[in-house]
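A.B. asks: Take this structure, written in structure tokens, and hold onto it; I'll ask about it next.
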Amino acid sequence: MTNNAVKIFVNKLSKEVGFELSSHKLRHNFATNYCIDQYEEVGQVDIYRLMILMGHEDIETTRRYLHHANEIIGARGCISHLDKVFPI
């Protein structure tokens with residue numbers, strides 16, 4: 001599959017789903033969810049495996065996804081008992 005074929009497919013898919021979509025956003029979503037899923041399943045993330053899956057040459061590039069996933073995981077735990085008393 002060529003780069004152009006992927007762009008055409010994602011552009012067509014974006015029109016069908018009704019929200020902005022790009023191949024970069026799909027990659028970002030995959031990497032972030034990979035980190036979250038690994039953490040929830042085994043309690044840690046194999047960042048080197050993700051680096052290979054993403055095709056990154058530098059581990060620092062891959063760590064950005066881990067950082068973002070950690071923010072999401074941390075935010076999930078910030079639910080107060082007052083949220084049930086004062087729902088938004």
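A quick yes/no check of all residues on (1) modelled with pLDDT under 85; (2) touching a helix residue (DSSP H, G or I) at 6+ places or on another chain (Cβ under 7 Å):
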| position | (1), (2) |
| --- | --- |
| Leu13 | no, no |
| Gly18 | yes, no |
| Asn29 | no, no |
| Thr32 | no, yes |
| Leu50 | no, yes |
| Gly55 | no, no |
| Tyr65 | no, yes |
| Ala69 | no, yes |
| Ile88 | yes, no |
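A.B. asks: Kindly list, by first and then second residue, each pair from a residue in region 49-74 that is closer than 13 Å to Asp37 by Cα to a residue that is aromatic (Phe, Trp, Tyr) and open to solvent by less than 80 Å² (accessible area, probe 1.4 Å), limited to pairs with Cβ atoms under 9 Å and residues at least 6 apart or on different chains.
C.D. replies: As it stands, the answer is Leu50/Tyr34; Leu50/Tyr65; Tyr65/Tyr34; Ala69/Tyr34, since those pairs meet every condition given.
A.B. asks: Could you list, in sequence order, the residues of region 32-59 that are over 19 Å from Gly74 (Cβ atoms), among the acidic types (Asp, Glu) and open to solvent by 100 Å² or more (accessible area, probe 1.4 Å)?
C.D. replies: Glu57
The values are calculated or read from the model by the stated rules, or taken from the named source; none is laboratory data. Please read all numbers here as calculations on a predicted model, not as lab measurements. Backbone-built Cβ (ideal geometry, glycine too); neighbour counts: all protein chains shown. Just so you know, the surface numbers come from the protein's heavy atoms only, side chains and all, with ligands and any DNA or RNA stripped out. Shrake-Rupley method; radii C 1.70, N 1.55, O 1.52, S 1.80 Å.
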